[in-house]
Amino acid sequence: VTIEHLQTLLERADGTSVDVSITYPDAIDEAMIQLMASHTSNFRSMAVVLSASKFEFPVVDLPALENLQIHSPSLNSSVRHILQMADERAPRLSNVTLEIPKTPDFRLTEVARYQFYYRLKTLYLATAGSKGPSDPSAPVVDLPELQTLTLVGKPWILAYMNLPNLSTLTILGGTTKRNQRVIPPHFPTSITRLHLDHARFTTSTSTAVLLPHLTHLDLRYPSIEVLDPHFRMPALETMRMDSITYNGLFRASPEQSTLSALFNGEGVLQDLYSLRRLLLEEIHLETTSCAVFRGIPALQEWELRGCSVPHDLPETLAGKILNDDEDSNNSVQLLGRLERLHVKHCWSMSDTADTVEGRVKAAGTTYRPELSIVFTDNQE
């Protein structure tokens, strides 16, 4: 891009909201940087990708800036300079993304020192991670307006954040060797959506933590290390789980044991009485029984993508496998409220996918004619 081309683009965008991305500004001609700096009044979003070299960004007014992204190898003076400028000259800033992959001990106070912190709606923090502040008496930071929080590799900082209005929490944890441990007591009870990627359910609390407003749960590559209760989710309506990370606890039957720990109603997740939609991806279910799902009696929509199906699914649809209710001495049909079953990319270790489809559909047609059963793109 020539300076003339940039001049034309900026003139055409005059009076409209502009989203700009600046990659390695230290390698860009200074005249182009100055030209861009003279047209910042209508910048709505700005993403800056910094190199390891120091760069002093021009001090400019950003009256319309709402979204700021900074990508830098480390937390350095260039990052702090941009944050300080945004704090002083971007009164509408409400969404911040910080990716600092080579800073091993990023401290929350690096962001909390700025006034915009208290009006943030969205915050994304990605660093190299650490075990947390060395000072256990570190002050709690208030984020009264924050609604969406994404943490990459550092769930411990939840303990140092007051998040009264948080609705969406995402934790992308873990390394190539081990998943990141989740710490239930630190989860804000206000959240309605929870996404855990490479999270490890391990010993943390003697009682399950109530998440009374949670309606959506997304688990990617979870690992289960204990059967102790972690969360109570009475309002949960939709859940998605993609794959399973295996560990030594369930060597004999990892799928059966992991799914049972999540869905039997007595393990890691509890009070799943409102769960109506369940999506499972890339999980070998053929070695499991439908009985592992006895903790979700209200299930209405079940989608399987890239999965085999439980070996006793036809018998379950035929009403031959019951869900025993120990409290009332009554038995109810497993998956009795199911209205829709969609299996995409079905596969099987013991039969062809088409044969499995035929058995499931035959049971559904005979015993559950009101149930919609769809198989698409079966695998050979």
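What does the accessible area of residue 3 come to, in Å² to the nearest 10, when a probe of 1.4 Å is used?
Counting only protein heavy atoms, the figure is 60 Å².
Arrange the residues 302, 347 by how much accessible surface each exposes, largest first, with a 1.4 angstrom probe.
347, 302
Using only the Cα atoms, what convex hull volume per residue in Å³ does segment 254-380 have? Display every interim value, and only then the final one.
Values: hull volume 12.2 nm³, N = 127.
Spread over its residues, the Cα hull of segment 254-380 gives 96 Å³ apiece.
With bins 5 Å wide starting at 0, give me the P(r) of segment 197-313 over every alpha carbon pair, in whole percents.
P(r) over segment 197-313, rounded to whole percents: 2, 12, 22, 29, 22, 10, 3, 0.
List the residues whose amide H sits under 5 Å from the amide H of residue 209, counting only those 5 or more places along or on another chain, with H placed 1.01 Å from N in the peptide plane.
Amide H neighbours of residue 209, under 5 Å, 5+ apart: 231, 232.
If you take the alpha carbon radius of gyration of segment 331-380 and divide it by 2.2 N^0.38 Å, what ratio comes out, to two decimals?
Numbers: Rg = 11.7 Å, N = 50, 2.2 N^0.38 = 9.7 Å.
Working it through for segment 331-380, the quotient is 1.21.
Give me the distance between the Cα centres of segment 34-108 and segment 340-369, rounded to whole Å.
Distance between centres, Cα-based: 54 Å.
Can you list the HN-Hα couplings for segment 145-153, worked out from phi with the Karplus curve (6.51, -1.76, 1.60; θ = phi - 60°), rounded to whole Hz and with x for Gly and Pro?
Going residue by residue, I get 9, 5, 10, 10, 10, 10, 10, 9, x Hz, with x marking Gly and Pro.
Need the full-extension length gain, residue 77 to residue 102, defined as separation in residues times 0.36 nm minus the C-alpha distance. One decimal, nm. If you can, show how the numbers build up before the last one.
Values: separation 25, 0.36 × 25 = 9.00 nm, distance 1.45 nm.
Residue separation times 0.36 nm, minus the Cα-Cα distance, leaves 7.5 nm.
Pop out the ³J(HN,Hα) list for segment 339-350 in order, Karplus 6.51 cos²θ - 1.76 cosθ + 1.60 with θ = phi - 60°, rounded to Hz; leave Gly and Pro as x.
Along segment 339-350, the couplings run 10, 8, 10, 10, 10, 10, 6, 5, 8, 8, 8, 10 Hz.
Under the rule of at least 5 residues apart or a separate chain, name every residue whose amide H is placed under 5 Å from the amide H of residue 48.
Excluding prolines and chain starts, which carry no amide H, the hits are 22, 69, 70, 71.
Along the positive direction of the dipole of the chain (beta-carbon charges: Lys, Arg +1; Asp, Glu -1; about the Cα centre), which of 38, 372, 143 reaches farthest?
143
How much accessible surface area, in Å² rounded to 10, belongs to the heavy atoms of residue 213 with a 1.4 Å probe?
Near enough 100 Å² of accessible area.
What's the percent breakdown of Cα-Cα distances in the chain across 20 Å bins, shortest bin first?
25, 43, 27, 5, 0
For every other residue with a beta carbon closer than 11 angstrom to the beta carbon of residue 208, add +1 if it is Lys or Arg and -1 if Asp or Glu, then tell me the sum.
Details: positive: 232; negative: 228, 266, 271.
Around residue 208, the charge tally is -2.
Give me the distance in nm between label points sitting 7 Å out from Cα along the Cα-to-Cβ direction at residue 226 and residue 56, one decimal.
5.4 nm
The values are calculated or read from the model by the stated rules, or taken from the named source; none is laboratory data. Only a predicted model underlies this, so the values are computations on that prediction, with no experimental measurement involved. Here Cβ is always computed from backbone atoms with ideal geometry, including for glycine, and neighbour counts include all displayed protein chains. Side chains are part of the model used for accessible areas, which takes the heavy atoms of the whole protein and leaves out ligands, DNA and RNA. Shrake-Rupley method; radii C 1.70, N 1.55, O 1.52, S 1.80 Å.
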